[in-house]
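The values are calculated or read from the model by the stated rules, or taken from the named source; none is laboratory data. Every value quoted in this text rests on a predicted model; they were computed, and no experiment measured them. Positions of Cβ are backbone-derived with ideal geometry, glycine not excepted, and every protein chain shown enters the neighbour counts.
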Amino acid sequence: MVIKDSIARLEMISCALCKDAPCSQACPKMDPAEALFGIWMENSDVAALRLSEGNTCVDCDAPCEKACISPDKVSIKSLMTRLSDVIRPEAEIPLPETEDRLRCDICGIPIENPFLLSSSVVASTYDMCARAFEAGWAGVCFKTICNFDIHEASPRFSAIKGDNGSIIGFKNIEQLSDHSVTENMEIFRRLKTNYPDKFILASIMGQNEEEWASLAEECEKNGADAIELNFSCPNMQEEGLGSDIGQIPALVEKYTRAAKSRTTIPVLAKLTPNVDNMSPAAEAARRGGADGLAAINTIKSITGVNLFTQVSYPSVKGQSAVGGYSGNAVKPIALRFITELSKNPELKGMHVSGMGGIETWKDAIEFLLLGADSIQVTTAVMQYGYRIISELKAGLNYYLAQMGIDSVKDIMGSGLNSVSESTQVLDRNTVLFPSFISERCIGCGRCVISCNDGGHQAIKFEGRKPKLDGSRCVGCHLCILVCPQNAIHPGNKRIKKQEH
């Protein structure tokens, strides 16, 4: 089996992903920080192809590493050499010359790529939206506009971090825009004047039918291209708002109809994941006249408890509250809901704007394959900044070119046929064995431990090398998931189960 080489985050784990990176300032020949960020965003091929032809690190005394501010210096020269000498020669195609294949639309309105900021702090001022547009985002869903006073708590964020220190799960107890409607309308006008080709999706929340209608009308008058109805915020102080609405289809239908009654631009209903099934609310939104759907908003959560104060996070003067969970950890739940909406025949033809845990271009493609028509991002931007758009676009563009696909629209929904709500469709008569790649195996025995204590005792340890016992293996692939060296892969040998 030939396994294509790549560079994983683990190999640059100590990199701080600096602003105005000292390593790039010290290097006279390339931008190592850009390449390192590309690796972090799972874009090794693109990072390698961005480098100049030939290994410019030969005979270099690595001033980049001397300038590195990480306590555990990053092996920058080694990583750049591997990009140049190993990854680049294996690249199947050159970098695409244009981004034309990323063009798509929201309810018929053209956008230059499928990536928007989602309604949150990352899209809450003129300056922030302008900088995002300059960075390459196709549009923004502006932080939810309302007519009631917003008073935020401090602190209002907490997180669950992975072994490498990066955020995998993020909790917020933040609410809506704390600017007045008048202030936000001025922002819309300025943005539309200075960035006429960028897409403005105006998120709104009302307290009654008149407010939903009047807010939608005001947003259209002041330059919004479409409206997003926030039926899903879990952090509201008052009852009967946000996710309280999204759990009651009759209210979703009523307020959608109210918003549609006073606007001519597309209206999307943003639905809550704090339900068993999203279809009842989605179908109600369609009956109310919605042109599209947006999902998912954050999931009600508690991320942890301080063992010494016994207060859950974040603590606000000794008190806390259930809040909204986001980040890469919620992606499996988001994909499940996107699939549900996309496979529902009652919702056919509605635009689906997908979000929930999207960090890399690979995450985005998964949403597109399962039916999303556009992509919204917040938590990854909060962690890494607007700059991630360059990696999102480059990765998606390279993937499409590599696959010979002319338009991103051609992959939307193409993975839906492989997903079923029932496990009855699955073949249960054969076993697919794992395959061990000896040159990658370091003999740690993790696969043996997991198989013995969490599987079917099908792997033995002989001379610090794993050996599969085919008579015991059931093909569960637990060993593949726990291997720290990526040295076990699905094999090519599928056998019929023996009758007992």
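If a residue has to be touching a helix residue (DSSP H, G or I) at 6+ places or on another chain (Cβ under 7 Å), surrounded by 19 or more Cβ atoms within 10 Å (Cβ to Cβ) and more than 18 Å from L215 (Cα to Cα) to count, how many in segment 133-155 make the cut?
1
Scan segment 117-130 for residues that are assigned to a loop (DSSP other than H, G, I, E, B) and free of Cβ contacts under 8 Å to residues at least 60 places away in the same chain and report the count.
Counting residues in segment 117-130 that are assigned to a loop (DSSP other than H, G, I, E, B) and free of Cβ contacts under 8 Å to residues at least 60 places away in the same chain gives 1.
So, F170, is that one within 26 Å of I365 (Cβ to Cβ), surrounded by 17 or more Cβ atoms within 10 Å (Cβ to Cβ) and assigned by TED's automatic domain parsing to the domain that holds V311 or not?
For F170, the condition - within 26 Å of I365 (Cβ to Cβ), surrounded by 17 or more Cβ atoms within 10 Å (Cβ to Cβ) and assigned by TED's automatic domain parsing to the domain that holds V311 - is met.
Suppose we filter segment 425-479 for residues that are under 32 Å from the mean Cα position of the chain (by Cα), part of a loop (DSSP other than H, G, I, E, B) and of a type outside the set (A, V, I, L, M, F, W, C); how many remain?
The qualifying residues number 5.
Between F148, F133, which is in contact (Cβ under 8 Å) with a residue 24 or more places away in the chain, among the aromatic types (F, W, Y) and assigned to a helix (DSSP H, G or I)?
Answer to the check: F133.
Name the one entry in R131, R50 that is assigned by TED's automatic domain parsing to the domain that holds R190 and not β-branched (V, I, T).
Only one candidate passes the filter, namely R131.
Matching residues to (1) closer than 30 Å to R9 by Cα; (2) in a loop (DSSP other than H, G, I, E, B):
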residue: G169; (1), (2): yes, no
residue: T182; (1), (2): no, no
residue: F188; (1), (2): no, no
residue: D197; (1), (2): no, yes
residue: S203; (1), (2): no, no
residue: G206; (1), (2): no, yes
residue: E210; (1), (2): no, no
residue: G223; (1), (2): no, yes
residue: D244; (1), (2): no, no
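Looking at V140, is it assigned by TED's automatic domain parsing to the domain that holds L51 and on the phi < 0 side of the Ramachandran plot?
No; evaluated as a whole, the condition is false for this residue.
State which residue is surrounded by the fewest Cβ atoms within 10 Å (Cβ to Cβ) when the search covers only segment 69-94 and only residues that are under 24 Å from K19 (Cβ atoms) and hydrophobic (A, V, I, L, M, F, W, C).
I69
Yes/no matrix, rows are residues, columns are (1) of a type outside the set (A, V, I, L, M); (2) modelled with pLDDT of 95 or more:
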| site | (1), (2) |
| --- | --- |
| I411 | no, yes |
| T430 | yes, no |
| C444 | yes, yes |
| C447 | yes, yes |
| L481 | no, yes |
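Against the conditions (1) at pLDDT 90 or above; (2) buried (at least 16 other Cβ atoms within 10 Å of the Cβ), where does K66 fall short? Just the number, please.
Result: K66 fails condition (2) only.
In this structure, is A48 over 23 Å from G165 (Cα atoms) and modelled with pLDDT of 95 or more?
yes
Looking at this structure, is L400 surrounded by 13 or more Cβ atoms within 10 Å (Cβ to Cβ), touching a helix residue (DSSP H, G or I) at 6+ places or on another chain (Cβ under 7 Å) and either not in a strand (DSSP E or B) or not small (G, A, S) (or both)?
It is true that L400 is surrounded by 13 or more Cβ atoms within 10 Å (Cβ to Cβ), touching a helix residue (DSSP H, G or I) at 6+ places or on another chain (Cβ under 7 Å) and either not in a strand (DSSP E or B) or not small (G, A, S) (or both).
Going through segment 339-387 one residue at a time, which ones are among the polar types (S, T, N, Q) and closer than 18 Å to N328 by Cα?
Listed by number, the residues that qualify are T339, S353, T360, S374, Q376, T378, T379, Q383.
Name the residues in segment 31-64 that are assigned to a helix (DSSP H, G or I) and of a type in the set (S, T, N, Q), would you?
Passing the criteria: only S44.
Among the residues of segment 97-132, write down those that are surrounded by fewer than 17 Cβ atoms within 10 Å (Cβ to Cβ), at negative phi and not β-branched (V, I, T).
Hits for segment 97-132 are E97, E99, D100, R103, D105, P110, Y126, D127, R131.
Considering only residues of segment 246-259 that are at pLDDT 95 or above, of a type outside the set (S, T, N, Q) and crowded, with 22+ Cβ neighbours inside 10 Å, which is nearest to F337 (Cα to Cα)?
For segment 246-259, the residue satisfying everything is V252.
Starting from segment 336-362, take each residue that is under 14 Å from A282 (Cα atoms) and list its partners that are basic (K, R) and crowded, with 24+ Cβ neighbours inside 10 Å, counting only C-beta distances under 9 angstrom and pairs at least six apart or across chains.
Close Cβ pairs (under 9 Å, with a partner that is basic (K, R) and crowded, with 24+ Cβ neighbours inside 10 Å) amount to S353/K270.
Examine segment 475-498 for a residue that is free of Cβ contacts under 8 Å to residues at least 24 places away in the same chain, surrounded by 14 or more Cβ atoms within 10 Å (Cβ to Cβ) and outside the structural domain of P110 (by TED's automatic domain parsing), and state whether such a residue exists.
yes
Here is a yes/no grid of residues against (1) acidic (D, E); (2) touching a Gly at 6+ places or on another chain (Cβ under 8 Å):
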| position | (1), (2) |
| --- | --- |
| L400 | no, no |
| E421 | yes, no |
| C444 | no, no |
| F461 | no, yes |
| G475 | no, no |
